[in-house]
Amino acid sequence: MAHLQGEERARYVRDMFAGIAGRYDRMNRVMTFGQDIRWRRIVVELAKLPEDGRFLDMATGTGDIAAEGLTQHPGILSVGGDFTVEMMQVGRDDYPERQQIRWVGADALNLPFPSEYFDAVASGFLMRNVIDVERAFREQWRVTKPGGHVVVLETSPPKDNFLKPFIMIHLTYILPLLGRIIAGNSEAYSYLPSSTKAFQSPENLAQTMRDVGFQNVSYQLFMFGTIGIHVGQRPA
């Protein structure tokens, strides 16, 4: 996987997520000890949506963040966008309560939405998978209204401290084993840890957001620093 670049890497990621779509949610609950539910709740809170606003959950998967948006703000237009159609099909078919979500096939680098359309844009575990992080942020900037927020839930490389060896064992050995047992796909859950280890640090990701033009950029870390939630605001 490490040698793949550009469109070849994008195709690999899309096919990988399509292959684990039916068991993706269950695996997320196991990997995070159920904490991903709380993180998504925080993401929506940080989005600061108006009660009749428009909300985009990019890389929506089965629609977890889009659904949380509707839970907190029942009057919003909640759009779930993803380039893996199989993931959205699972969300639509397996979760009847998610029928209000507007499902849209979407590429994070070329969003099919008008400029300044959404009051907030969120993503969960998207940015480490895109082939151009800055371009993805520029697209999110483009479709966000002035004054709106962009919120990013993403994994972070383990910090250099006494916990790092234990975290590396978990990422390198435990997750692929769980992936084989629960999702029937150890390769996918070898890629996910490797993409985490190769991704930007939380500090660098925050700087990338500032470089694009976002203001009031901040982040908070969870799970021994391996999960970050970043938020930035498009200037009013």
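Any read-out appearing in this document is the output of simple, stated calculations on the displayed coordinates, not a laboratory observation. This is a predicted model, so every value here is computed, not measured. Positions of Cβ are generated from backbone atoms using ideal geometry, with glycine treated the same way; all protein chains shown enter the neighbour counts.
Data for the structure
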| item | result |
| --- | --- |
| Principal-axis tilt of helix 188-197 within the chain, Cα atoms, nearest 10 degrees | 70 degrees |
| Counted charge near ARG26, where neighbours are those whose Cβ lies closer than 15 Å (Asp, Glu -1; Lys, Arg +1) | -1 |
| Listed peptides 62-70, 32-40 by packing density, highest first (mean Cβ within 10 Å) | 62-70, 32-40 |
| Positive-end residue of PHE162, THR84, VAL121, charge dipole of segment 84-173 with Cβ unit charges | PHE162 |
| Order of PHE118, PHE199, PHE166, PHE224 - criterion: other Cβ atoms within 10 Å of each residue's Cβ, fewest first | PHE166, PHE224, PHE199, PHE118 |
| Residues HIS73, HIS230 arranged by fewest to most Cβ contacts within 10 Å | HIS73, HIS230 |
| Sorted by Cβ density within 10 Å, fewest first, the residues TYR117, TYR191, TYR12 | TYR12, TYR117, TYR191 |
| GLY148 long-range amide H proximity, modeled H, under 5 Å | ARG234 |
| Gaussian network model of the chain, springs between alpha carbon atoms under 10 Å - residue of ARG41, ARG26, ARG14 with greatest fluctuation | ARG26 |
| Cross-link reach list, lysines versus LYS145, counting only Cα pairs under 27 Å and skipping chain neighbours closer than eight places | LYS48 |
| Per residue convex hull volume, Cα atoms of segment 194-236, in Å³ | 65 Å³ |
| Pair GLU51, GLN207: separation of 7 Å Cα→Cβ label points (nm) | 4.3 nm |
| Kirkwood-Stokes translational diffusion coefficient of segment 24-110, alpha-carbon pairs, 20 °C, 1.002 mPa s, µm²/s | 164 µm²/s |
| Alpha carbon centroid spacing (whole Å) that separates segment 72-95 from segment 165-221 | 23 Å |
| Considering only the chain, percent of DSSP beta bridges that pair antiparallel, nearest 5 | 40 percent |
| Inter-centroid distance (Cα atoms) of segment 118-163 relative to segment 22-48, Å | 16 Å |
| Whole-Hz ³J(HN,Hα) from phi, Karplus 6.51 cos²θ - 1.76 cosθ + 1.60, for segment 95-105, glycine and proline x | 10, x, 5, 9, 5, 6, 5, 8, 8, 9, x |
| Gain in span if fully extended, GLU187 to ASN110, counting 0.36 nm per residue against the direct Cα distance | 24.9 nm |
| Per-residue HN-Hα couplings for segment 28-45 [Karplus 6.51, -1.76, 1.60; θ = phi - 60°; Hz; x = Gly/Pro] | 4, 4, 5, 4, 9, 6, x, 6, 4, 5, 5, 4, 5, 4, 5, 4, 5, 4 |
| Rule-of-thumb Rg ratio for segment 116-220 [Cα; 2.2 N^0.38 Å; N residues] | 1.24 |
| About the Cα centre, charge dipole magnitude for the chain (Lys/Arg +1, Asp/Glu -1 at Cβ), debye | 380 debye |
| Globularity ratio of the chain, using Cα Rg and 2.2 N^0.38 Å | 0.95 |
| Solvent-free Debye scattering, log10 I(q)/I(0), computed from the Cα coordinates of segment 1-71 at q = 0.18, 0.25 Å⁻¹ | -0.84, -1.10 |
| Dipole of the chain, positive end: most advanced residue of LEU46, GLY22, TYR189 [Cβ charges, Cα centre] | TYR189 |
